[in-house]
Amino acid sequence: MKTSREEGRRVSREWGEIEALCRRYLAALESGDLESLLANFSDDATATSPISGKQPAADFYAYVMRVTSDRKMALKTIFVGTSNPRQAAVHVAYTRTVADGQPATIEGVDIFELTEDGSKISAITIIYDTAPVRAEFDRPGARRR
């Protein structure tokens, strides 16, 4: 039987691994390295965003990388589920340029569902206010093909 100290160390290790996954996700998104970004996701992962809806994460992020540039991620907080350790979230200020527009910052929360072993993201739900940035995605260079 595990002692509470052993259990605490296990939970701390798991949280540390999940926090590292969140940081790798943000670094890859900021750098624009699609291959590194997708390495954080399971093969069948989905992404849901207010503008694009639900789709395969690979398709969503390929689109994001195509239409955005000059990405900067300012991490505010990482949350790891206590009642469900297979959930995590990051609160970020995300500055980027869409198509040929001007840089704009949106503040949002990316909520992650993790694989059973916690090593990959199986689903992401992105939450932010679309009103200030909706018109950016109507530009010709930002439209889906």
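Just so you know, all these numbers are worked out from the coordinates, no wet-lab data involved. Here the structure is a predicted model, which means the values were calculated and not measured. Methodologically, a virtual Cβ is constructed for each residue, glycine included, from the backbone with ideal geometry; neighbour enumeration extends over all protein chains shown.
The table for this structure:
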quantity	calculated
Label-to-label distance, nm, for residues given as residue 13 and residue 77 (7 Å Cα→Cβ offset)	2.8 nm
Inter-label distance for residue 91 and residue 24, nm, one decimal - labels placed 7 Å from Cα along Cα-to-Cβ	2.6 nm
Gained length - residue 34 relative to residue 116, 0.36 nm times residue gap less alpha-carbon distance	27.2 nm
Bridge type composition, region 4-142 - antiparallel percent by DSSP, nearest 5	90 percent
Region 4-142: C-alpha gyration tensor shape, a/c 1.5 cut-off, then a/b vs b/c	prolate
Ranking of 65, 73 by count of other Cβ atoms within 10 Å, fewest first	65, 73
